[in-house]
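Visitor: What follows is a single structure, and I will ask about it in a moment.
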Amino acid sequence: MAELVVFWKYVFLFTLMVFLGSVHDAVVPHGKPCIKNNNRMICWCSLNYSNVNCSSQGLDFIPVLPNNTTVLDMSNNTLTDLNRNTTKNITNKHLSLLNISHNHISFIENGFLAVLDNLTTLDVSTNPLSIANLTKSLKNNLPTLETIFMEGMKWTQFPYDVMKVLENTTLTNVSVNNNRLKAFGNEIFPHMSNLVRLQLSANKIRYFHGNKTFPYLPNLTHLDLSDNLINNVNLSGANSLTYLSLSSNDLTDLPVCCSNNNSLVPKLRELFMDNNCISVLMMDNINCLDELHLLNISATRIQSIESYTFAKLKSLHTLTIERTESLGKQNSIKAYAFSNPSLRRLFIRYNQIIFNPYRMDVAKIFENCTNLTNLDLSGNHLRMLKETEWSRLLQNVPNLIYLDISYAAMMYLPKPIPKVLTNLRTFHFKNNQANIIPTKYFIQFRHMTTLLLSDNKFTTITSEMLPDAFLRHLRYLNFEFNPFECNCDLLWFLSLAKRLSRNDTKTTLLGYPKYYECTGGKGKTKLKDVTITKRGCLFRHQTNTIIECTCAAVIIILMSISFVYRYRWHFRYFKYILNLHRRKGVTSSNEAFVRDIYVSCSRSDLKIVWDRILGKLEQERLNVFVRHMHIPLGTPELPGILKAMDESKLIMLCLSDTFAQDHLCEFETNMAINMSLTVGTWKLIVIVLEELSSENVTKTIHRLIQNDDNYILWDKTEETNNSYNWTRLLRQIHGSDNVNLSILS
């Protein structure tokens, strides 16, 4: 709302701006050169030569003017004094506006303006003129004068003498801002009852007494006392005042506008109290303002907004509380804080308020604000609000047409917004951290005309995010400063940007192409310079598909090879079982076995095993099978091993370092374990011939020898030390001491 302050501050200058605007519009670029000096063009004129602009040309004189000149702009030159000789080139009687501001004029000769019989507007701003000299130059010379501008004169008191000599003029507008006034007298305007706007901003006034001012200005409607040092205000008698600005002063409370339940300013519609030292809102001072439409209390020291603070302002239409960092804490906004059915526009931006649903009653902040149409929450902490809290926050303002939640550290677009705010027309979501737009998120906004999503984390925009049905009624779209990735996913948005950059479209892509760039790589590239074709993207898609399928196939093959290698012995065994049409029903009866013991040992241990163990077993009339000795030459080894193991009642494993390094011994061990687990009737006899090295203790061997009761530690160097082991071996062979198969599962 600060822009409104500026607007109203200079609204009484409207007449001058119209005149000067016509001059500049006529001169550049629509004007034409019309006056030269020493072969240099110094002035430009309108088509009919009525408006002449000679500003900013370094002139120390007024050139010869066309006969029908009515507006002359001599501002920003080097004029030092004005006399009859200076005005000799002004020969016409039609001049109505003279602008000699921003020069070095320190003296004006008496009667200088006598020839300007029709002058209505005079601007002598920002010149080192004294009040006395200006008073003498104006005396009894300007009966038609209506507006005079005396800005930036660096005066320390109000120019009362100037006002006095203009007593018989038609003066209605006076501008004396940007001076250094120390006091404001009630006797200055006794003959100016038609004055409707008074501006005394940018001075050093410390107090204002309305009872000494308003009686002499009964028609005063606009009063601007902003940018002073005011700490006390008296508004008695301000019966016609509709606009009051007390911005940028030293006030600690709201001005007293009420007395005995009666309003001192009954017609006041706009009140600006921003940039003051107010810490507590004494609403009783202004609650009687039944006509108040606009209230600005920004940039103060308010600690919190209590419940029902603005409820008694019957006509409050616009409320602005921004840049108030003292509100930047949790629970600074109470429930029902903005409760007022007449409220239409609410601006609470850049306050750093923490919207914490655990400490703030989010559902009741906007309670009884159902007629609110414009809501600005930008520059606050909204990140803690979840989807449910957003629904509760917005459920009381379903008629919003304008919503701004920019600069709020939002990570995502809240889903409840399109569901609740179906009438939204303007949506600002600038400078957040969202990186994706949900599919069909904006299709639900059937009346939206402005969408601003600049400074987020969007890398690509697709047609599903911005459907054609949504773009048809959109007027302004902004995606500036997003980190776009210029690949085939962005092809649709590139086409859209080029289409919207044409003048024949209703939708304007703001900031394009200047602020739209691709990120990544060594540098940044403008989107307009990126070349991505549909054909190239299609070929790339096919290529990517082939590459992906090839990679997937290679991975599957490698995993299959690894799996097959890991369980190669198991697969070989099952293959053998299938080839022989064997299943779990293999019999375990003694009549099915051809041999008593199948012995598995390494070739280097064969002699020791035979001399110490197998020879004695044969003496016990036991049929022993060793592949090194009993498989005929030329016979396939693996089928022979499996067949012999199937035909043996017991399987003996003679473990050693060389056994662990022999692949066939490893195969025999795995097959023996599989047979034992599958059938459950075979018996394993494990003999450890020597202490195994740690690198040779595989997982399978470790399971076999993890329990001392499940294996026999055989001393292959001493025959006499094995009597006990021999007894245990015979007991296992004859069935009284078997291995526990549960350790193998």
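Visitor: If we keep just the residues of segment 403-448 that are of a type in the set (Ser, Thr, Tyr) and assigned by TED's automatic domain parsing to the domain that holds GLU389, which is farthest from the chain's Cα centre (by Cα)?
Guide: Selected residue: THR422.
Conditions tested, residue by residue: (1) within 40 Å of the chain's Cα centre (by Cα); (2) at pLDDT below 70; (3) assigned by TED's automatic domain parsing to the domain that holds SER656; (4) of a type outside the set (A, V, I, L, M, F, W, C).
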{"residue": "ILE561", "(1), (2), (3), (4)": "no, no, no, no"}
{"residue": "LEU578", "(1), (2), (3), (4)": "no, yes, yes, no"}
{"residue": "SER589", "(1), (2), (3), (4)": "no, yes, yes, yes"}
{"residue": "TYR598", "(1), (2), (3), (4)": "no, no, yes, yes"}
{"residue": "ASP605", "(1), (2), (3), (4)": "no, no, yes, yes"}
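Visitor: Sort out which residues of segment 408-436 are buried (at least 20 other Cβ atoms within 10 Å of the Cβ) and closer than 20 Å to GLU480 by Cβ, and write them in order of number.
Guide: Once the filter is applied, which keeps residues that are buried (at least 20 other Cβ atoms within 10 Å of the Cβ) and closer than 20 Å to GLU480 by Cβ, segment 408-436 yields ALA408, PHE427, HIS428, PHE429, ASN432.
Visitor: Looking at segment 42-62 only, could you name the residues that are closer than 18 Å to LEU122 by Cα and either of a type outside the set (Ser, Thr, Tyr) or not assigned by TED's automatic domain parsing to the domain that holds THR121 (or both)?
Guide: Of everything in segment 42-62, those that are closer than 18 Å to LEU122 by Cα and either of a type outside the set (Ser, Thr, Tyr) or not assigned by TED's automatic domain parsing to the domain that holds THR121 (or both) turn out to be ASN51, VAL52, ASN53, CYS54, PHE61, ILE62.
Visitor: Give me the pairs: first residue in segment 685-703 and surrounded by 14 or more Cβ atoms within 10 Å (Cβ to Cβ), second residue of a type outside the set (A, V, I, L, M) and part of a loop (DSSP other than H, G, I, E, B), beta-carbon distance under 6 Å, and six or more apart or on different chains, which are they?
Guide: VAL686/TYR711; ILE687/TRP714; VAL688/TYR711; LEU689/SER656; LEU689/TRP714; LEU689/LYS716; GLU690/SER656
Visitor: Out of segment 477-512, which residues are part of a loop (DSSP other than H, G, I, E, B), more than 19 Å from the chain's Cα centre (by Cα) and surrounded by fewer than 16 Cβ atoms within 10 Å (Cβ to Cβ)?
Guide: Hits for segment 477-512 are ASN487, SER501, ARG502, ASN503, ASP504, THR505, LYS506.
Visitor: Only one of (1) surrounded by fewer than 16 Cβ atoms within 10 Å (Cβ to Cβ); (2) on the phi > 0 side of the Ramachandran plot is not met by SER248, so which one is it?
Guide: Failing condition for SER248: (1).
Visitor: Give the residue that is nearest to the chain's Cα centre (by Cα), with candidates limited to residues of segment 241-258 that are under 20 Å from ALA299 (Cα atoms) and not in a loop (DSSP other than H, G, I, E, B).
Guide: SER245
Visitor: Any idea which of (1) surrounded by 13 or more Cβ atoms within 10 Å (Cβ to Cβ); (2) among the small types (Gly, Ala, Ser); (3) at pLDDT below 90; (4) not in a loop (DSSP other than H, G, I, E, B) is the one GLY536 doesn't satisfy?
Guide: Answer for GLY536: the failing condition is (1).
Visitor: Within segment 616-634, identify whether any single residue is closer than 23 Å to ARG566 by Cβ and out of contact with any strand residue (DSSP E or B) (no Cβ under 8 Å at 6 or more places or on another chain), and answer yes or no.
Guide: No, there is no match, as no residue in segment 616-634 is closer than 23 Å to ARG566 by Cβ and out of contact with any strand residue (DSSP E or B) (no Cβ under 8 Å at 6 or more places or on another chain).
Visitor: Same structure, new question: Can you pull out every residue in segment 304-350 that is farther than 26 Å from PRO266 by Cα, under 24 Å from the mean Cα position of the chain (by Cα) and among the polar types (S, T, N, Q)?
Guide: Scanning segment 304-350 gives THR324, SER326, GLN330, ASN331, SER332.
Visitor: Let me ask you something else. Looking at LEU281, LEU254, which is the one that is under 21 Å from LEU229 (Cα atoms), touching a helix residue (DSSP H, G or I) at 6+ places or on another chain (Cβ under 6 Å) and not assigned by TED's automatic domain parsing to the domain that holds TYR336?
Guide: LEU254
Visitor: Now for a separate question. State all residues of segment 53-81 that are out of contact with any helix residue (DSSP H, G or I) (no Cβ under 8 Å at 6 or more places or on another chain) and aliphatic (A, V, I, L, M); if no residue qualifies, say none.
Guide: LEU59, LEU72, MET74
The values are calculated or read from the model by the stated rules, or taken from the named source; none is laboratory data. Just so you know, these numbers come straight off a predicted model, no measurement behind them. Note that each Cβ is placed from the backbone with ideal geometry, even for glycine, and that neighbours are counted across all protein chains shown.
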